[in-house]
Every structure is written in C-alpha cells, then in structure tokens.
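Peer 1: To start, I am sharing the structure in question, which I have written as structure tokens.
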Amino acid sequence: MSSDYEYSDDDADYYDEEMMDGTQDDLSMDSEDDMDMEFGGDDFKTSPNGKRKMYEVDYESLSQPAVEKLMAEEVEYVCNVCGLDDSAANLLLRHLNWNKERLVEKYMDNPTSLLVAAGISVPEPTAVPSTSRTRSTDNASASRRSSRGASRLLTSIGVSKAKSPVTSPTLSYHTPRSFKPKLNEPFVCPVCFDDSPQIRTLALECEHTFCSECWATYLVAKIRDEGELSVKCMAEGCAMACPDPFIRTLLVPSPRSPPGDPQQEIDHAKAWSHFQELQVRHYVASNKRLKFCPYPGCTNTVSCPSAADKSSLTTVVPTVSCGARGIGDQMTQSQPQQSGLGLAGKEHKFCFGCHIESDHKPVVCGVAKMWLRKCRDDSETANWIKSNTKECSQCQSTIEKNGGCNHMTCKKCKHEFCWVCMGPWSEHGTAWYSCNRYDEKAGVDARDAQSRSRASLERYLHYYNRWANHEQSAKLSLDLYVKTEKKMEDMQITSSLTWIEVQFMKKAVEEAERCRMTLKWTYAMAYYLAKGNEKDLFEDNQRDLEKAVEDLSELLEGPIEPENIPTLRQKVTDKTVYVQKRNEIVLEDTAKGFLEGRWRWNVAVDGFDDPADVVV
C-alpha cells in the first residue's frame, strides 16, 4: 500500500455533483465490529448500539462479480431503450463513460452519428461514384447493422466454401462481397502475407480482412501491453471498434476447437481476463459513487453514495472498508474474529473522498491534502533551515552564513546587516564585534522579524514532529504484533487462561494502533485551526487521548510475570475500553463540529468560510 505522502492534485476532477438516490441503511461494516469490542468473552463490556456513529458513513462493499452484475444491468437498460444488442450497447456505454442518460439522449437525437463515433458503424461516404454500387446508409440500416453485432467472420477461403455463410450461436458471420476470392486467386493476409488455403480470416463491418493469427496477436498486444479498452481495426485510419464477442471468438477457443499451442492459449486467456478487468476498472472510474480498494492485489470495490458529492466532504470524512483483510497472498475475506495479528489481519480501510490511501479521521480531505503537501515540501529541510540559516531583515530571504565574518550582505536586496544582532551594519561602524546597538529600533525590528519567522518554523516543527512520531509508531506496530502474539502464547502456557481468554492483548494492540492514527491526524488539524476556545477544547481532548494511549502502550510493552497475569489482564482490559472511549469522544466531537460549522481555520480551505484574522 502507498504511503500517506502519495496523492493526486487532480483529484478535484474525481467528484461529481450527482448523488445516487436510495441508500441502504442496513449496510454491514467491519469498522463497527472493531469499535464495539464484542468478542473474547466478557472482557470488553460496551453497550451494543446499532445506530451509525456521527463520524461514520453508509457504504457497501462489492466484489468484482457484483460490479460486473451492475455493468450488465446498465447494458440491459440501454438494450431495452434503444433496441441494440449487448455488444453495441457495451461499446456505446464505454464510449460515453457509462453515462446511460446521455447515451439515450444522443442516440435518440442522431443514432447514425453516435454509432459512427463509437466505431460501431461505417461512416457514410462523402461522394457516390456509382449508383449501382452504392449501399443504403440511412438511419434504419445503421441500426440494423448495430443490432447484427457489427462483426463478421470469414470462413476458410475456397471456391466451394466461400459462398456459404457460417452461423454462430450469438452472431451471424458471412463473407463480404468485396473480399470474395476470384477464381484461381487465393486470399493473401495484408499483414503476414500468408496465402494458405486453410487460413481462417476475419473482418469487421468495415470489411478489412486479416487472418485469425494476426488478429489474435494484435488484440493481445493492444490489451496486454497498451491496456486498450476499445480496440480499433488493424487497417490504417480505420475507426471501427472490435466488439466483445469478436474479441472473445479470437482469444477464447470454443470447446469443439482443435487443440492449439498450450502456451498461446494461456496467453490468450490471460489477455481476455485482463480485458474484462479493464472494463470493470473503466466502469468504476466513470462512476463517482464507486471506488476501488487501493490495497495491493485487492479487487474489491466500495459504493459510497453519500461521499459522491464534493460538497459533502466538508462535513464528513468518508472512511470505508472493502471487507477484505491482509496483503497480497495473505488477503482474505475473514471477519475480525477470525483474523490474526499483523498484515494477515489488517483491515482494508481507506478514504473514499480523496486519493489519500489511508484513514485520516478526524480531519477532512481538503485539510489533510494541504498538510501532506506542506510536509512533502517543508519537512525535509525545516530542521536544517532552523539550525543553519537566518532571514534578511529587509526582504526576509533565507541566508546561510558561509564564512567567519559577521558582516552579511543579502544577495537579493543588497541589505547589509550584522549576523549576531541582525541590526543594520551602517550603525556598527568599526566596532561591529561589540554589537553595542542591541537596543536600537532597527535592531529590535530586525530581531522581531527574525523571531516571527523562527516562531512560524518552530510552530510547524512542533506539529510535524508529533505527527511523524505517531506515524512511525503506527508503522512499528507490526513488530508490536509479533511481540504481543509471543506474549499471548507465554501467558497461555504459564497460566490457566485459554487462547480465547488471552485475546485481550490482541484487542489492545489493535485499539492502540487505531488511536495512534487518530492522534496523528489531530496534529495536522490542530496546525490549521484558528486560535480560540474551540481549538483549546480540541487540544484538551487530544491530550487526554494521547496520555491514555501512552499508558496502554506501556502496559503492552512491559514484562509479564506469571503471578501478575490476572492483574495485568484487568488493567489492560480497563485501559483498552478507556482508550476506545477517549477516541470516540475525539472523533464524535470533531464530526459534530464539522456538521455544525464551528471549526475555523487560519488559512483558506476549499468549501469553508474565509480564514479567521488571527496571528499564528
């Protein structure tokens, strides 16, 4: 999984003002199971509450077959409204990014133009050289061609077989008139120049004919290497698109087909599977209510209509879970009770509203992206700047002292000043080394400007260091998982506790990691909060949660004495419940503040009021 520093600045285009009507209220979310702490006997007694918490959103986890079912429903709708077959409807939907309303509108307005633009029908000729050879190309014939499937399969070229059509269970193929072989003149593939009488040839509606081997090689290269979703005809300048049944005929042999090269069949099967995956990804990317799980190797999708509207992201942090756990080969669809420690049991939780691939509650997406951008730009050099540079008192340019003399000259504005007291050099005379001008107004002003600049840098480092500390602690949780699992085994051996009864340690580690992620982002939010009572209350809740987490971490990392196991169990259980409650207080209060609009920022944040006029 990518780190928090990876995000896209173009994600503003990801949202749309449309929202899907009718959401399910009974969606099951793994996050609620985790927060309720109802497992492992009676250790964690929290009152069950089926009501959705204020900081949570309704969402639904979808597997790839479930997404394909949604795609099939969209295709069926277009087929019923426009009278098209599945392949033509699929091409049209992909051409218009799965916007079925726009598709129906454009099709009813001018079907011929739309079919030509999507590569389903051949464009009408601009000039008619001969009336006897002109084919009718009115709107009715265009619709009939699209309903035929818009593809043709040529049989093996021969004098006796060339005139007989071949019928497929789903499509009708025939030999185009312009490509019927003349007597004693065999067909020659324009790509490989194969003129064997046994070659199998295929053509689309455009009647550009090639052998099946060249078609298959071309399709595999386009799908596998270039990731093409709409593969065009091989002929130069031809815009005809290959419909799905045409591609499947070439890449997936029928059961009655003679056996071919095993490796080639495997490559073709992989290309067809990849083509189907490309269609699913295009559908999800075109639907603002859907988003892929960003975890490596996971093919699940999440539907979250409440976060599809960009304006909603100013009042809620849409943290969702795809329902899977683990990374790579360890990934499962197991429930929290069945998963182990470490990566094998890590829940796939991420933000639906932005491209930050992690849970960044309680701070909203806009502020979180601002913070990550600032960290990316500033954190690498901030400490060095603080230790080795000063700012020019005139233009505030950062200056590094590269020699022993304290007589400094700014290269930008040419201002001369003393490195020691920051006062103007003209007032030092020849006694610069004594710096006896500390009380002069110019020196005081210069030091004030320097102090403000340093205070701003130190303020940023204060929040960044604590943010980075909790991020590092969360990354080290994998080692803590291993140590805790070893302690759980030792406790089971040295005491009368069963494996179920020692699960309190596992739950404590998970809760500590979850709370550290919350604390990490509270520092990003506090950096941008304007001064006032609301910020003071926020930092009070932050302090209480941080102290509780540190106390719990100390209990988890301390040594275990066999005689103290019952006492340790009680302490860890009590502290875990307390930490969970403190975390909920922070999240609930912050979410309520966003809904009430009581948070004020010291910088401009998209979707919020103008920043407060405060000195930071």
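The values are calculated or read from the model by the stated rules, or taken from the named source; none is laboratory data. Fair warning: this is a prediction, and the values are worked out from it, not measured in the lab. Counting neighbours? That spans all protein chains shown, and the Cβs are built from the backbone with ideal geometry, glycine included. Ligands, DNA and RNA are excluded from the accessible area calculation, which covers all protein heavy atoms including side chains. Shrake-Rupley method; radii C 1.70, N 1.55, O 1.52, S 1.80 Å.
Peer 1: Residue by residue, what Karplus-based ³J(HN,Hα) values in Hz, rounded to whole numbers, does region 67-73 have, using 6.51, -1.76 and 1.60 with θ = phi - 60° and x for Gly and Pro?
Peer 2: With coefficients 6.51, -1.76 and 1.60, one gets 5, 4, 5, 4, 5, 4, 5 Hz.
Peer 1: Can you give the extra length, in nm with one decimal, that the chain gains between Glu124 and Ala72 once fully stretched, where that is 0.36 nm per residue apart less the Cα-Cα distance?
Peer 2: 15.6 nm
Peer 1: Ranked highest first by average number of other Cβ atoms within 10 Å, how do 235-242, 418-425 line up?
Peer 2: Ranking the peptides 235-242, 418-425 by packing returns 418-425, 235-242.
Peer 1: With respect to the cross-link table entries Lys100/Lys349; Lys310/Lys520; Lys270/Lys369; Lys291/Lys361; Lys531/Lys592; Lys291/Lys575, which display a Cα-Cα separation exceeding 28 Å?
Peer 2: Violating the 28 Å Cα-Cα cut-off are Lys100/Lys349; Lys270/Lys369; Lys291/Lys575.
Peer 1: Leaving out ligands and nucleic acids, note down the accessible area per residue over region 451-596 with a 1.4 angstrom probe, in whole Å².
Peer 2: Per-residue accessible area for region 451-596 comes out at 47 Å².
Peer 1: Which order do the peptides 224-231, 90-97, 598-605 come out in when sorted by mean C-beta neighbours inside 10 angstrom, highest first?
Peer 2: Descending mean neighbour count gives 90-97, 598-605, 224-231.
Peer 1: Related question: First compute the accessible area of region 471-559 with a 1.4 Å probe, then give the percent of it belonging to carbon and sulfur atoms.
Peer 2: Heavy-atom surface of region 471-559 belonging to carbon and sulfur, 1.4 Å probe: 53 percent.
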